[in-house]
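First up is the structure itself, then whatever we jot down about it.
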Amino acid sequence: MSPQPSDPNAFREYFAKRQREMLALTRALVETESPSGDEAGSKAVVAMLAAAARTINAVTTIDRIPTENYGENLRVQAYGNGRNGAKTILILGHTDTVHPLGSLQSRPWRVEGNRAYGPGVFDMKANCALAVEAIRACASLNITPQSPIVLLLTCDEEAGSMTGRALVEAEAKRARAVLVLEPPASGGKVKTGRKGTGMFTIETRGKAAHAGLEPQKGASAILEIARQIEYLHRMNNAPGGVTVNVGVVKGGTVSNVVPAEAKAEVDLRFSSNDEGAEAEKAILGLRSYDSRVQLVVRGGINRPPLERTEQVMALYQQAKEIAARIDYELGEAQVGGASDGNFAAAVGATVLDGLGIDGDGAHATHEHILIDDISRRGAIIAGLLATL
Ligand SMILES: [Zn+2]
């Protein structure tokens, strides 16, 4: 007996049958390079996805939203538009990649066994195709989701979402749930928590002096920075989710001069808003050990955390139950990296991230997806659309 339309196994069968078309669209997207800031590439990729969405009868509106210097964001609405105040389900992703133009030439699309390789295939062009196909799956199986669906694909996520952020926030505010199709954590685990991020620079200005003749007259800017680094790295020992990394240090002129200037760049990660606020205060409040050295700290928090709340766990639980019905154990993980999911969570939305197709090598040369995971992820995502 064939499964009922609402059974995730029906979706799985559907995606297995659509696999050829799904891979063809993915290949076309990969073969159209779209590094962040490449306007022509962005528009070409958006045009392909818009054309694919146009063939789904449940799709009500397709907006290609131009942005300065980055190309176009794409918003597709299906099953109504949510404009009458109805809460939506937001599917979130991005069309830009980190791979510079020309990467395709040295690493063209190729399929080897269960793996499909290509720049940006895992993060996240295959998932852009999958998002459109998930809406098509509902339409094809005559399933009407209870909430309007909005698919938002931004074009500058890899560059920090300067233009995409406001759109993400606006759509997240009217969403009952946000499904982020970023790549999963290893083992195909969805992401139930993402740390927030902060960036700081520390500059020290001391006093130069001859290192041999009168070193006592100098005040070393480098020694001051070194002490600050020791202090900052001790923050890593505290319980909780705060991590601090001094990733860049510059300073001094020549070895026989007490250095008058030095600079450090600091990366901060944190699991909760409270942790972030406390760490930010500590870093901005740094004081010099040597009173003769002037110390200036700039920067602050730039992405809030995606916190692993009860609502997030309930959404995960629902995805896990759908996965169990297709005999797949869907795991969850909390990770340090940030995504547009962080911005959605910060405006109060319930976010499940890392719902993309399993694979490996995001931002790397061996980037690929696992082909046999397409129908599985498709069934989980379409299953969520159908039941949320
Ligand atoms: Zn991504």
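The values are calculated or read from the model by the stated rules, or taken from the named source; none is laboratory data. Bear in mind that the values here come from a model prediction, so they are computed numbers and not experimental data. Ideal geometry is used to build each Cβ from the backbone, glycine not excepted, and the neighbour counts take in all protein chains shown. Ligands, DNA and RNA are stripped out before the accessible areas are found, and what is left, the full protein with its side chains, is counted by its heavy atoms. Shrake-Rupley method; radii C 1.70, N 1.55, O 1.52, S 1.80 Å.
Take the conditions open to solvent by less than 60 Å² (accessible area, probe 1.4 Å) and in contact with a strand residue (DSSP E or B) (Cβ under 6 Å, 6 or more places away or on another chain) and apply them to residue 331. Does it pass? Yes: the conditions hold for residue 331. A single member of 286, 268, 352 is surrounded by fewer than 20 Cβ atoms within 10 Å (Cβ to Cβ), outside any helix (DSSP H, G or I) and touching a strand residue (DSSP E or B) at 6+ places or on another chain (Cβ under 8 Å), and it is 286. In the stretch 139-186, which residues are open to solvent by less than 10 Å² (accessible area, probe 1.4 Å), more than 16 Å from residue 42 (Cβ to Cβ) and charged (D, E, K, R)? Listed by number, the list holds a single entry, 171. Among the numbered criteria (1) at pLDDT 95 or above; (2) farther than 30 Å from residue 387 by Cα; (3) buried (at least 16 other Cβ atoms within 10 Å of the Cβ), which single criterion is violated by residue 198? So the condition that residue 198 fails would be (1). Residues in the stretch 71-117 that are more than 16 Å from the ligand (Cβ to nearest atom) and among the charged types (D, E, K, R): 72, 75, 83, 87, 107, 110, 112, 115. If you scan the stretch 289-317, which residues turn out to be open to solvent by 40 Å² or more (accessible area, probe 1.4 Å) and either among the basic types (Lys, Arg) or under 28 Å from residue 164 (Cα atoms) (or both)? Passing the criteria: 292, 298, 299, 301, 302, 307, 308, 309, 310, 311, 313, 314. For the stretch 368-388, residues that are aliphatic (A, V, I, L, M) and open to solvent by less than 10 Å² (accessible area, probe 1.4 Å) total 8. Can you tell me which residue is farthest from residue 190 (Cα to Cα) among those in the stretch 317-344 that are within 16 Å of the ligand (Cβ to nearest atom), outside any strand (DSSP E or B) and among the aliphatic types (A, V, I, L, M)? Going through the qualifying residues, I end up with 344. Among all positions in the stretch 113-135, there is at least one residue which is in a loop (DSSP other than H, G, I, E, B), touching a Lys or Arg at 6+ places or on another chain (Cβ under 8 Å) and modelled with pLDDT of 95 or more. Somewhere in the stretch 132-151, is a residue touching a residue at least 40 places away in the same chain (Cβ under 8 Å), touching a His at 6+ places or on another chain (Cβ under 7 Å) and not aromatic (Phe, Trp, Tyr)? No; the residues of the stretch 132-151 include none that is touching a residue at least 40 places away in the same chain (Cβ under 8 Å), touching a His at 6+ places or on another chain (Cβ under 7 Å) and not aromatic (Phe, Trp, Tyr). Do the conditions hold for residue 152, that is, is it of a type in the set (A, V, I, L, M, F, W, C) and in a loop (DSSP other than H, G, I, E, B)? Taking the combined requirement at face value, the residue does not satisfy it. When each of 61, 55 is tested for being under 23 Å from residue 139 (Cα atoms) and open to solvent by 60 Å² or more (accessible area, probe 1.4 Å), the lone residue that passes is 55.
State whether the residues of the stretch 195-207 include one that is basic (Lys, Arg) and within 16 Å of the ligand (Cβ to nearest atom). Within the stretch 195-207, one or more residues are basic (Lys, Arg) and within 16 Å of the ligand (Cβ to nearest atom).
Given the condition of a type outside the set (S, T, N, Q), under 25 Å from residue 366 (Cα atoms) and part of a loop (DSSP other than H, G, I, E, B), answer yes or no: does some residue in the stretch 159-181 qualify?
Yes - at least one qualifying residue is present in the stretch 159-181.
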